[in-house]
Structures are given as structure tokens and as C-alpha cells.
Amino acid sequence: MTRVAFVLGLVAVAVAACLSQPAAAGDAARPLKRVTLQLNWKHQFQFAGYYAAIEKGYFRAEGLEVRVREVEHGEEPVDAVLAGRAEFGIGASELALRRGRGDPIVVLAVILQHSPLVLIARGEGVQSVHELVGKRLMLMPHETELYAYLRREGIAPGRFVELPHSFDAADLVSGRVDALSGYSTDEPFVLRRSKVAFSMFSPRASGIDFYGDSLFTTERTARSDPRGVAAFRRAALRGWRYALDHPGELADLILAKYSTRHAREHLLYEAAEVRRLARPDLVEIGHVNPGRWRHVADVYAELGMLPAGADLRGFIHDPTEAPDLGWLYRSLAASVVTALLVALYAWRTRRFNRKLRQEMGRRLAIESELRRANERLEGQLAENSVLQKRLEEQVIRDSLTGLYNRRYLDEMLERELPRAQRHGYPVSVALVDIDNFKRINDTWGHQAGDAFLSAVAARLADAVRAGDLVCRWGGEEFVLVLPNMALADAVQRAEGLREFIRDMRVRFGEFELKSTVSVGVASYPGGGLGPAELLKAADEALYRAKREGRDRVRRAADAPVRSSAARLELVRPREAE
């Protein structure tokens, strides 16, 4: 009986040892899986995160060997991935459009929280995108964001001459084309270095603030290889974090291994712009907001490019992986088998008693690890809640100045004016426009313009009362909503702000920036006047201030009162300076 017990004890130990081995013990020796990443342009800093993941071995550590494929002339990156020429690809807001039309696309991660796509017009005299009507434009078919921008501005296809894109800014300089699409991270550097005058228009001016570069795959790949997709995403995001923190090193890597199209200075300019659009200080690299993709699809539906309520189910990949608990089950099985055998023969040998104590210790360690995992999960949920609140705040905040945006202004006026009518108090609105702002951008660059906009925004925010509201209306225009303030008092307040900003100096590098503002003021009379009419009245007064020489305040023109409200004549839209 003693011999049988000894043999069974040996069997128990062997079984426990075999069952407790991780299933992936030979993973380190497995061959690398080869996959292809389809870019949506040529090699440059725009894709630095993927180069970093290759160079630093992040993909290899996940069992992947990644080949990076440039886009071919006339090729659509989405079509290349759908056709199987690559497993992963880089796209932008057109991904929502293609998914809404039925293409099986799955978004894995968002790299750029704001799109760099802009329209660049020849010469600095182009004041408005409407001046491009009837002109020659170069656009790419997949740049659907720009088509949406033109449609929202009332410029439908057919109202301009569309030419195939040559990807050469020289065509803009020579006058072969009047405007072309480009990236704010790229073409402006070339044009400024060439001392070429140009005007740049962003879809964000019309409220179209879409995502930029996003990593995607197909439904088939996501279903057939979820672990491989998760591994690619992890390594890519790790590479992006490294690239944004080491721009100089990545610029040298691109020049050495990928492309010499751009000089190192050009790559570093692109790196700074990429970081500004990615906003890693506010949002985790790769974060995807389903509500924002829904908004992208709704804008396309609004402009007739998608059916209303287009189905986006399955469009956004869930990056959370189910934990591999196989090792846990195997360990528990080993514990159970060993515990039973040790309990049966414990009275014969102290050796089996020691084995039992060891196995119990292992179980306690597993339970402790599970508790720590639960604590980590609870911490992650708390972080996600904070991130959600930040993202909700971003929807109603201007990303540059931190002021409320035009969407929030519209919602606030819809609530405030009926309340003013019920309680019988006035509401004044001041529309503030920075004079000759385009000259600041063209002379010192958009970063200088952003610095001056931020300084003006801070001054306006400091100058209002607790119940007032300051919004960035778009471009270089701001709106002040002043509840319970009559028109005369609002004009006096606007004069003080105008004088302060006129004397204000903003330090930018070795230079001091200065400008003046023009202000139009209108007041809600207490009945029958809606938000749109009130803003148009202030806009008319502002236009009059501009027309009379700028650096002044003008109030809305008096008019006969009908139905307890002043009649307001609509004026033509003012051209952007």
C-alpha cells in the first residue's frame, strides 16, 4: 500500500506540473506573422509612430513582421485594404462615409484628434472660400471632408472646375490651378519657405471638426484574428507615444530608411503640427469617441452624402481583450488533483503534507492577483469616467482658446432669450472681430495667430461678469452674451474692451504682436426676436464698424418696433479678413 501511495504521489506531482504550464510556452519560438500597413500618402512624419514601432521592435515583440506600403498614384487606401493588398490601413473621416455606404471597415484607433486637411488658395488676397466658385481646384476623391465643407458653404460639385491632383505645390505657384487640397502639416511649410503668398481655409471654420488619420482594418480580419489585431494596435500606439516624445530621432530615422523627400527641418515642422492635432496632453493616443464618429456620419447625412441614421454598428473596434484564463484553469485543476491525492495519502507521509501547503499557497497567490486585477479595473473605470467628462467638455469648448464654441452659444441663446422675455430684462450681444488678423498669420505664421487669439480670448474672459458668456464664434470672431445689460451699457463695456486690446501687446518669440478690434453690439428688446436675428443685428453693426475704418464700436441701427420687437434687416455675409 505504501508503494502504491508513493507512485500515486509521483503521478500527482507530474500531473500538477504539466497542467500548470502556460499553453503559450513555445510562443517565443513561433515564426513572425507578416502583415502589411497601407499608408494614405508617401513616407513622412505623418506615419512616424509606425516607423518607431518597427525600429524599436514593438511589432516584433507582439509576433508581427510589418511591411509599410505607400499609396500608389490614383489608388484609394480604403480600396487597397478591402481588396486584400494590406491587412491594416490609414484613413480619415471618409471611413465613416464608406462604412455608412456598406463597406466592412473597422476603426481600431484615432491618431489625430483634429484633421489636418485644408484648402490652399493661390495668393493672399482670397478672403473667403466662396471666391473659389468657378475656379480650378485639385482634390482627391477620398478627401470627403473637404467636399462636405464646400457643400456646407453652398459650393456643390459643378460650381468649380475639378482637376486631378498632381501633388505638386508648383502648380499652385505657377497659376495652373487656383486652389488645391493639402495638409496643414505639410504644404504651408513648402510655400512659406518659397516665400509664396497663399490663403488657407479649414473645414473647422464651418463647424466640420472631423478626426484626422485613423488606423483601420476590415471586419474579416477583426473576426478571424482578434489577437493579431489587438497586438498590432498595442504596438502601433506604443510606437506613436515614442515618436511624439522623440521627434528628432524619428526625423533622422525617416531620412535614413524611408524617404529623403523632406528635409529634416520640414520633418520637424510636420512633427510639431502632428503633435498639435493629436492632442496627447488631453486625450490618450488612439482614443475613439463613438459619439464623434456618429457626428461625422450625421454631417455627411445632412449634406446628402449618406442616408439619415446610417448604420455604424460594428464600425468601432472594442480594444479590450478577454483575459486568457487558461493558465488559471490549469493551475486550479492541478491544485484540485494534488489536493485530493494529498488528502487521501496525507496520513502516510509528511512529504504530501508539504505539497498540500504549497498548493494552498499558490491558490492564495492567485486570489491575491485576482483582487489586484479587480482593483486595477476599478481604477481604469474611474479614469475612463474622468476622460468621458473631458471629452464632453471638448464638444462645447473651442480647442485653442478654451472658450465655449458656437454650438454652446446657440444652445445658450435658445434658453436665455425666452427667460429674458418671461422676466422682462434685456440681453445684449457684442460681436468682436480682430482687425487685419490675416496679416498676423501671413507675417508670423499660424502659431503666432493662435497666440494672439488666445491672448484676446483670455482678456475677454477676464472682463465679463459671473453670469456673462464669452464664445469663440469662429476664426478671429468672438461673441459676448451679456444678460441683464441694456444696449447703452453694453456699448460702454465694448468700448473699454476695444481700448484695452488696442493697447495690448502679445509676446511671440522676439516679436510683439498687436492689433485692434471692431465690435458690433445689439440688444434683445424683450419679445419676438430670436437668437439668429439678434446675432445678425450685431453682425450688421460690426460690418458697419469695419466699413467705417475698423477699431471702433457700432450699435445695431434703430428701427420701427413691430410685435414688441425691433425689425432687423439682414445684410450680406461679411468677407473674412
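The values are calculated or read from the model by the stated rules, or taken from the named source; none is laboratory data. All values derive from a computational prediction rather than experimental measurement. A quick note on method: Cβ atoms are made from the backbone with ideal geometry, for glycine too, and the neighbour counts reach across all protein chains shown. What goes into the accessible areas is simple: the full protein's heavy atoms, side chains included, and nothing from ligands, DNA or RNA. Shrake-Rupley method; radii C 1.70, N 1.55, O 1.52, S 1.80 Å.
Points worth noting:
- Of the residues making up the range 127-178, those that are farther than 26 Å from ARG101 by Cβ, touching an Asp or Glu at 6+ places or on another chain (Cβ under 8 Å) and polar (S, T, N, Q) are GLN127, SER128.
- Hits in the range 34-50 (condition: surrounded by 20 or more Cβ atoms within 10 Å (Cβ to Cβ) and within 16 Å of ALA271 (Cβ to Cβ)): GLN44, PHE45, GLN46, PHE47, ALA48, GLY49, TYR50
- Restricting the range 190-219 to residues that are touching a Gly at 6+ places or on another chain (Cβ under 9 Å) and under 22 Å from PRO77 (Cα atoms) leaves a set whose member that is most open to solvent (accessible area, probe 1.4 Å) is GLU219.
- For ALA235: the one exception among (1) farther than 23 Å from ARG67 by Cβ; (2) surrounded by 22 or more Cβ atoms within 10 Å (Cβ to Cβ): (1)
- Odd one out for PRO31, checked against (1) assigned to a loop (DSSP other than H, G, I, E, B); (2) open to solvent by less than 50 Å² (accessible area, probe 1.4 Å); (3) at pLDDT below 95: (2)
For every residue, the table says whether it meets (1) within 29 Å of ASP450 (Cβ to Cβ); (2) in contact with a Pro (Cβ under 9 Å, 6 or more places away or on another chain); (3) in contact (Cβ under 8 Å) with a residue 24 or more places away in the chain.
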residue: TYR258; (1), (2), (3): no, no, yes
residue: ARG261; (1), (2), (3): yes, no, yes
residue: GLU273; (1), (2), (3): yes, yes, yes
residue: PRO280; (1), (2), (3): yes, no, yes
residue: ILE285; (1), (2), (3): yes, no, yes
residue: VAL288; (1), (2), (3): yes, yes, yes
residue: VAL296; (1), (2), (3): yes, no, yes
residue: LEU303; (1), (2), (3): yes, no, yes
residue: PRO307; (1), (2), (3): no, no, yes
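- Exclusive hit being more than 26 Å from the chain's Cα centre (by Cα) and touching a residue at least 24 places away in the same chain (Cβ under 8 Å), set ARG238, ARG233, ARG220: ARG220
- Scanning the range 410-422 for residues that are open to solvent by 50 Å² or more (accessible area, probe 1.4 Å) and touching a residue at least 40 places away in the same chain (Cβ under 8 Å), we see that the one that is nearest to ASN484 (Cα to Cα) is GLN421.
- The helices (runs of 4 or more DSSP H) found entirely in the range 74-183 that carry 3 or more residues being in contact (Cβ under 8 Å) with a residue 12 or more places away in the chain and either touching a strand residue (DSSP E or B) at 6+ places or on another chain (Cβ under 6 Å) or open to solvent by less than 10 Å² (accessible area, probe 1.4 Å) (or both) are 77-82, 94-100, 144-152.
- ARG407 being assigned to a helix (DSSP H, G or I), touching a residue at least 24 places away in the same chain (Cβ under 8 Å) and open to solvent by less than 40 Å² (accessible area, probe 1.4 Å): no
- Scanning the range 491-513 for residues that are open to solvent by less than 40 Å² (accessible area, probe 1.4 Å) and either within 30 Å of ASP209 (Cβ to Cβ) or not aliphatic (A, V, I, L, M) (or both) returns ALA494, GLY496, LEU497, ARG498, ILE501, MET504, VAL506, LEU513.
- The listed residues are ARG223, ARG238, ARG204, ARG264, and the only one of them that is at pLDDT 90 or above and out of contact with any helix residue (DSSP H, G or I) (no Cβ under 8 Å at 6 or more places or on another chain) turns out to be ARG223.
- Residue check for ARG505: more than 16 Å from ARG552 (Cβ to Cβ) and either without any contact (Cβ under 8 Å) to a residue 24 or more places away in the chain or out of contact with any Asp or Glu (no Cβ under 6 Å at 6 or more places or on another chain) (or both): yes
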